[in-house]
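Single-structure report; data block below.
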Amino acid sequence: GLLFGETVKLPAAIAAVAVPFEMSLPDDEALRDMVQSEAREANRRKGIRVKVSGRAMQAMVRNLRGLTLPQARRVVGEALSEDFAFTDEDANAMLATKRRMLHEDGLLEYIQTPLGLNQIAGIRRLKQWLIVRADSFSDEADDFGLRPPRGMLLLGVPGAGKSLCAKAVASSWQRPLLRLDPSALYDRYIGESERRLRSALDQAEAMSPLVLWIDEIEKGFASAAAQSNDGGLSQRMFGTLLSWMQEHTAPVFIVATANNIDALPPELLRKGRFDEIFFVDLPSATVRKAIYRIHLARRKLDPQPVDLKQLAD
């Protein structure tokens, strides 16, 4: 017999002889076959014009990563029915539809990162750290046997610029940025919270290479450091995250931000979980002047007549 569902809890006697099988997300080959099949069928049944280059097909498949096959088929269907044509321009439209679907799910959110490192004042040591490791994700580094960095933890007071630093990582390495809100993971149904976390991490792996930003990580996993009255849910969620951080092989770089290091479980801070821990402090006088220069330039104003020192003070 076969039982299937999002959460299946078997009696102990049956679980001892049962073989669990977890369906994985479709790979590039399955997505490519689906796109080509949907395009051929649309052309045959409705006469929709199909003209997609090989490069655009690769972009479409890349943009569909992280979706289930029914979700991906829905994205392709919207692209086909939009203008009764399937061309290279539909690759961007498919990415926009995918982003909208992710936002509806509420677990992962695409974050735009238009800023370059030169548009962010201060964080000198973080910038240097990023520049030195920028090529560690390349094929040459992989052939050499160089292991790419896996993540960093950003600590600091609220409003000091931790979120800006997370965007700086994605901008520096030219990687997409996905934001995971830990507080959105918890669900009132037994087993659903763990499933939502695994689903979010699976999606991130399928869409790699990317930067995964876990915002205010202490909100979701702080209670795992102490006795809690949630029936062990926090500990199970925290264990799932730690196991994934240790074992995942996809090029997903984690940027975790936190306001209170004392609230974090000590296992999370153990050497090896994160490649580096940075403290984002309040800006010094030099950094405050640089911030004024950046904002004046953004508004096309000449900084020369402005007393930046007085403003910074």
Query raised in the report: What are the residues whose amide H is under 5 Å from the amide H of residue 86, where those residues sit 5 or more places off or on another chain and H is modelled from the backbone?
Result: 49, 50, 51
Report task. Taking only Cα atoms and a 10 Å spring cutoff, compute GNM fluctuations for the chain and point out the largest among 135, 143, 33. Result -> 143
Report task. Could you work out the longest stretch of the chain that avoids the chymotrypsin sites (Phe, Trp or Tyr not before Pro) located in DSSP loops with at most 10 other Cβ atoms within 10 Å? Result -> 22-188
**Report entry** Sites residue 44 and residue 246, calculated FRET efficiency, Cβ-Cβ separation with R0 41 Å, nearest 0.05
**Finding:** 0.25
Report task. Whenever you get a sec, compute what percent of the accessible area on the chain sits on carbon and sulfur atoms (1.4 Å probe). Result -> 51
Query - GNM flexibility winner over the chain from 149, 20, 251 (Cα, springs under 10 Å) - result: 20
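Of 248, 295, which has the most accessible area and how do the rest follow, probe 1.4 Å?
Values: 248 15, 295 75 Å².
Output order, biggest surface exposure first: 295, 248.
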Requested in this report: For the chain, compute the number of Lys pairs whose alpha carbons are separated by less than 29 Å, excluding pairs fewer than 8 positions apart on the same chain.
Outcome: 27
Requested in this report: Convert each backbone phi in region 144-157 into a coupling constant with the Karplus relation 6.51 cos²θ - 1.76 cosθ + 1.60 (shift: θ = phi - 60°), then list the ³J(HN,Hα) values in order as whole Hz, x for Gly and Pro.
Outcome: 6, x, 7, 7, x, x, 10, x, 9, 10, 10, 10, x, 6
Report summary line: Expressed per residue, the solvent accessible area of the chain in Å² (1.4 Å probe) is about 59
Query raised in the report: With labels modelled as points extended 7 Å from the Cα through the Cβ direction, what inter-label distance (nm, one decimal) is found for residue 55 paired with residue 299?
Result: 4.1
Query raised in the report: When the Cα centres of region 139-216 and region 33-90 are compared, how far apart do they sit, in Å?
Result: 29
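Just by accessible area at a 1.4 angstrom probe, what is the order of 28, 90, 83, 142 from largest to smallest? The partial results should precede the final answer.
Values: 28 50, 90 10, 83 90, 142 110 Å².
Output order, biggest surface exposure first: 142, 83, 28, 90.
The values are calculated or read from the model by the stated rules, or taken from the named source; none is laboratory data. Small disclaimer: the values here were computed from a predicted structure and weren't measured. Because the Cβ atoms are built from the backbone with ideal geometry, glycine has one as well, and the counts that use them run over all protein chains shown. Accessible surface is based on the protein model in full, side chains and every heavy atom, while ligands, DNA and RNA are left aside. Shrake-Rupley method; radii C 1.70, N 1.55, O 1.52, S 1.80 Å.
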